[in-house]
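Working notes for the structure below.
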Amino acid sequence: MLFQSSPQSNFPHAQSASQISICAEHITMFFRSGRQEIPILKELNWETNRGSIALLMGPSGSGKTTFLSILAGLLTPTEGNVYLLGQEITKLSRKKRTAFRRQHIGFIFQNFNLFPALTAAENVEIILNIKGLQGKQARYEAQLLLEQVGLELYGNQKPRDLSGGQKQRVAIARALAGSPPLIMADEPTAALDSQSGHQITELLRRLAKEKGTTVLIVTHDPRIQDIADYITYLEDGRFKPTN
Amino acid sequence: MVSLARKNLLEDIPRFLVAQAGILFAVSLITLQTGIFMGFSQSTVKLINNSSADLWVTSQSLVQLELTLPIPVSELIKARNVSGVARAEGLLFSGAQWYPPQGEMARIRVLGFDPSGQLYRPPEIVEGNLKELHQPYTVMINTTDEDSLNVSETGVEVQMNSLPAKVVGMTEGNSSMISNPFIMTSLKNANAYLNAGRRSQIECQLPQGSSQLQCINKFEEIEEPANAQPSSEPRDLVASDIITFILVKAEPEMELSSLKQKLEKNLTQVTAYTQQELIEKTKTYWQQRTGIGFILGLGALVGVIVGVVVVSQILYSSVADHLKEFGTLKAMGASAGMIYRIIIEQALWMAVLGYLPAMILCFGVAYVINNNQGQLLVISAESAIAIFAVTIIMCIGSAIFAIQKVNRVDPAIVFKA
Ligand SMILES: Nc1ncnc2c1ncn2[C@@H]1O[C@H](COP(=O)(O)OP(=O)(O)OP(=O)(O)O)[C@@H](O)[C@H]1O
Ligand SMILES: [Mg+2]
């Protein structure tokens with residue numbers, strides 16, 4: 001297991017940069033509540049290697065989602081730097097960060113965040129569109145991605161006609177669109193029954209291993225622990241060493 | 001790109017229909033209000049449009065078509081002798097009282113013209129023949145004025161001012177929304193109805209120390225017994241009778257601006273207007289100097305404002321409902337431009353799908369109203385296009401407003417339950 005102890009010196013090192021996929025240095029985050037500034041994350045250092053599955057666990061309110069949002073470039077930390085694939089994204093403009101996410105990150109959400117008006121295939125297709133693939137090519141590619149998650153027969157269904165597990169598989173197909181090297185998932189199994197949860201976990205593991213994708217999963221779900229290469233515990237905004 | 005905008009709109013059909021009904025209402029409101037305003041504006045100048053005259057010559061005191069002083073027939077005779085004038089015809093135009101055999105009397109406007117002339121014709125005669133107006137004491141009325149005049153067919157005999165009148169024909173497309181009904185008759189008849197007992201003469205004098213002769217038109221009333229029964233046919237007009245306008249057709253090669261100057265120089269105390277100038281002057285008077293123009297203009301403006309508010313509300317709440325979807329797109333790397341495109345596409349769909357049924361509705365309403373009430377509502381091709389442009393601008397404007405909301409969304413919203 002890998003804990004927070006990343007080198008304090010100037011990152012990235014020439015040698016480790018090629019291996020390290022996500023690196024966070026001295027991440028501190030305050031949220032303003034009224035006149036008070038509440039510290040949510042305190043001086044976090046964290047990194048994970050390419051192609052590995054990393055788990056971030058911890059009790060509710062410990063700051064997991066906040067940390068994930070910072071790693072993804074969706075939130076800017078009060079202090080600290082984030083490097084993704086060797087690129088310091090905390091330095092980038094909003095526009096460039098958006099472009100970075102487009103090219104390099106796939107997302108999976110607890111509540112799927114599918115577009116209810118679109119069919120399963122269109123849900124995947126629109127993300128391919130965003131990533132530059134258009135028309136027939138995008139439709140074909142969307143079909144391939146649905147096959148990879150075992151939903152080739154469900155392309156024309158709207159999300160409301162799919163089960164929770166199927167929805168999350170559509171979301172995974174969508175996250176895989178454009179083969180991003182990073183996948184970030186927030187509680188991907190929390191809304192699923194245990195069997196679907198298990199299937200989703202297995203699917204994530206297989207895809208990560210086949211494609212060499214770095215997967216970061218924020219979860220409460222102890223069943224996912226089996227597939228993890230690293231587990232980090234967050235409590236009260238600090239990492240907590242465990243057995 | 002997958003059309004998220006269109007699919008989001010059609011996803012919830014009842015909601016979509018309610019939203020479109022709101023836009024339809026807003027567009028219809030604008031169309032009807034501006035249509036009434038335009039119908040009103042046009043009705044004030046319909047008489048001018050029905051004439052083929054190049055120039056309208058009248059008293060210098062003219063304020064608008066229906067507010068001017070009379071000029072003597074002698075000026076008409078002079079005008080005919082001005083070189084460059086191909087034709088000149090008189091037009092007599094004034095208010096009178098209308099006493100139908102049954103029902104209440106009415107205030108009317110008598111329009112006297114030459115039935116065998118060329119420069120003014122009633123727009124459309126649906127019953128009777130123009131020639132019949134040569135008969136003494138005959139008139140034509142507008143079909144849409146039947147109710148206000150208490151006359152429903154030709155052949156009815158009524159009294160106009162102190163003289164009898166027989167309705168010998170019906171016209172269409174000549175009614176006015178703001179003024180009293182038009183009664184059309186020959187110049188000769190009109191003169192009998194309107195000018196009984198009035199005469200004019202031109203008085204000229206040489207002011208002291210000046211070599212310029214100064215002339216003015218003078219009118220005088222002659223004592224005549226009221227309610228005189230016509231002892232004979234109306235007489236022909238003489239030089240001292242009065243008319244309201246001289247309609248002038250220019251020679252083909254004649255330049256209008258120089259003919260105008262010539263007429264103004266050769267005639268006494270007159271101004272010559274081109275058709276367009278008189279239309280502008282009259283429309284401007286009604287639009288700017290009267291309460292009715294102001295009220296209708298205000299109505300049209302309120303229509304636009306209500307439209308903008310309704311459309312903004314609808315689009316804004318629709319975007320707010322889908323905020324998380326926009327957040328998801330942003331998280332997954334959709335650029336601001338892509339998101340604007342989706343919202344603007346949605347606005348355009350709403351604009352087009354609200355505009356089309358609204359126009360069909362308004363044209364239907366206009367058709368029904370205009371058939372029964374005369375040209376109250378005017379929706380021209382230009383105004384239909386302009387309203388389409390307003391609808392698009394309205395929707396895009398609201399879209400820009402809605403885009404602000406998406407711009408402010410916390411990107412971390414995507415992880416919130
Ligand atoms: N935008 C915000 N403004 C203020 N406080 C916030 C904001 N977002 C999160 N917080 C606070 O930060 C703390 C950590 O929230 P976060 O969502 O990261 O926790 P979490 O570990 O993901 O919890 P859970 O397991 O319930 O999802 C919470 O106390 C939360 O109230
Ligand atoms: Mg969370």
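The values are calculated or read from the model by the stated rules, or taken from the named source; none is laboratory data. As the structure is a prediction and not an experimental result, all values here were calculated from the model. Methodologically, a virtual Cβ is constructed for each residue, glycine included, from the backbone with ideal geometry; neighbour enumeration extends over all protein chains shown.
Numbers at a glance
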item	result
Those residues of the stretch A:31-70 which are over 19 Å from A:Ala185 (Cα atoms), in contact (Cβ under 8 Å) with a residue 12 or more places away in the chain and of a type in the set (Asp, Glu), in sequence order	A:Glu43
Count of residues meeting criterion [within 16 Å of ligand 1 (Cβ to nearest atom) and within 14 Å of chain B (Cβ to nearest Cβ)] in the stretch A:177-191	7
Count of residues meeting criterion [in a helix (DSSP H, G or I), in contact with a helix residue (DSSP H, G or I) (Cβ under 8 Å, 6 or more places away or on another chain) and among the β-branched types (Val, Ile, Thr)] in the stretch B:250-294	3
B:Ile360 surrounded by 15 or more Cβ atoms within 10 Å (Cβ to Cβ), without any contact (Cβ under 8 Å) to a residue 12 or more places away in the chain and either under 29 Å from the mean Cα position of the chain (by Cα) or within 14 Å of chain A (Cβ to nearest Cβ) (or both)	no
Criterion: touching a strand residue (DSSP E or B) at 6+ places or on another chain (Cβ under 9 Å) and either within 16 Å of ligand 2 (Cβ to nearest atom) or in the same structural domain as B:Met38 (by TED's automatic domain parsing) (or both) - qualifying residue of B:Met332, B:Met350	B:Met332
Hey, B:Lys330 in contact (Cβ under 8 Å) with a residue 40 or more places away in the chain, surrounded by fewer than 22 Cβ atoms within 10 Å (Cβ to Cβ) and on the phi < 0 side of the Ramachandran plot or not	no
Qualifying positions in the stretch A:92-101 - more than 7 Å from every other protein chain (Cβ to nearest Cβ) and of a type in the set (S, T, N, Q)	A:Ser93
Count - residues of the stretch B:141-160 that are in contact (Cβ under 8 Å) with a residue 24 or more places away in the chain and touching an Asp or Glu at 6+ places or on another chain (Cβ under 6 Å)	2
Leading residue by the ranking (nearest to ligand 2 (Cβ to nearest atom)) among those in the stretch B:370-409 that are under 30 Å from A:Thr76 (Cα atoms) and either without any contact (Cβ under 8 Å) to a residue 12 or more places away in the chain or hydroxyl-bearing (Ser, Thr, Tyr) (or both)	B:Arg408
The stretch A:105-118: number of residues that are more than 9 Å from every other protein chain (Cβ to nearest Cβ) and assigned to a loop (DSSP other than H, G, I, E, B)	1
All helices (runs of 4 or more DSSP H) inside the stretch B:1-114 with 1 or more residues being closer than 26 Å to B:Met254 by Cα and touching a Lys or Arg at 6+ places or on another chain (Cβ under 7 Å)	B:13-49
Some residue of the stretch B:30-45 being surrounded by fewer than 18 Cβ atoms within 10 Å (Cβ to Cβ) and at pLDDT 85 or above	no
Any hit, the stretch B:306-313, residues being assigned to a helix (DSSP H, G or I), under 26 Å from the mean Cα position of the chain (by Cα) and surrounded by fewer than 23 Cβ atoms within 10 Å (Cβ to Cβ)	yes
Cross-chain or 6+ apart pairs with Cβ under 6 Å, the stretch B:2-19 first and touching a residue at least 40 places away in the same chain (Cβ under 8 Å) and away from chain A (no Cβ under 11 Å), then surrounded by 15 or more Cβ atoms within 10 Å (Cβ to Cβ) and part of a helix (DSSP H, G or I)	B:Ala19/B:Ile314
Residue that is surrounded by the fewest Cβ atoms within 10 Å (Cβ to Cβ) [pool: residues in the stretch A:41-76 that are within 11 Å of ligand 1 (Cβ to nearest atom) and part of a strand (DSSP E or B)]	A:Met57
Residues of the stretch A:174-197 satisfying the condition of being in contact (Cβ under 8 Å) with a residue 40 or more places away in the chain, assigned to a loop (DSSP other than H, G, I, E, B) and small (Gly, Ala, Ser)	A:Ala177, A:Gly178, A:Ala190, A:Ala191
Of all residues making up the stretch A:198-222, the number that are away from ligand 1 (no atom under 16 Å from the Cβ) and either farther than 19 Å from A:Ser52 by Cα or in a helix (DSSP H, G or I) (or both)	14
Matching option when the condition is surrounded by 18 or more Cβ atoms within 10 Å (Cβ to Cβ) and at positive phi, among A:Gly212, A:Gly197, A:Gly237	A:Gly237
Test: residue in the stretch B:312-334 that is out of contact with any helix residue (DSSP H, G or I) (no Cβ under 7 Å at 6 or more places or on another chain) and farther than 23 Å from A:Phe115 by Cα	no
In the stretch A:77-93, the residues that are out of contact with any strand residue (DSSP E or B) (no Cβ under 8 Å at 6 or more places or on another chain) and part of a helix (DSSP H, G or I)	none
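One line per residue, one yes/no per condition, for (1) touching a residue at least 24 places away in the same chain (Cβ under 8 Å); (2) hydrophobic (A, V, I, L, M, F, W, C):
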position	(1), (2)
B:Gln261	no, no
B:Glu280	no, no
B:Trp286	yes, yes
B:Gly293	yes, no
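Per-residue answers, yes or no, for (1) of a type in the set (Gly, Ala, Ser); (2) more than 13 Å from every other protein chain (Cβ to nearest Cβ); (3) in contact (Cβ under 8 Å) with a residue 12 or more places away in the chain; (4) closer than 24 Å to B:Gly327 by Cβ:
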residue	(1), (2), (3), (4)
A:Gln103	no, no, yes, yes
A:Ile126	no, no, no, yes
A:Leu133	no, no, yes, yes
A:Tyr140	no, yes, no, no
A:Gln143	no, yes, yes, no
A:Leu153	no, yes, no, no
A:Pro159	no, no, yes, yes
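Yes/no per residue for (1) surrounded by 15 or more Cβ atoms within 10 Å (Cβ to Cβ); (2) in the same structural domain as B:Lys166 (by TED's automatic domain parsing); (3) over 16 Å from B:Ser52 (Cβ atoms):
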site	(1), (2), (3)
B:Asn81	no, yes, yes
B:Arg87	yes, yes, no
B:Gly90	yes, yes, no
B:Tyr99	yes, yes, yes
B:Arg109	yes, yes, yes
B:Pro115	yes, yes, no
B:Tyr120	yes, yes, no
B:Thr138	yes, yes, yes
B:Ser148	yes, yes, yes
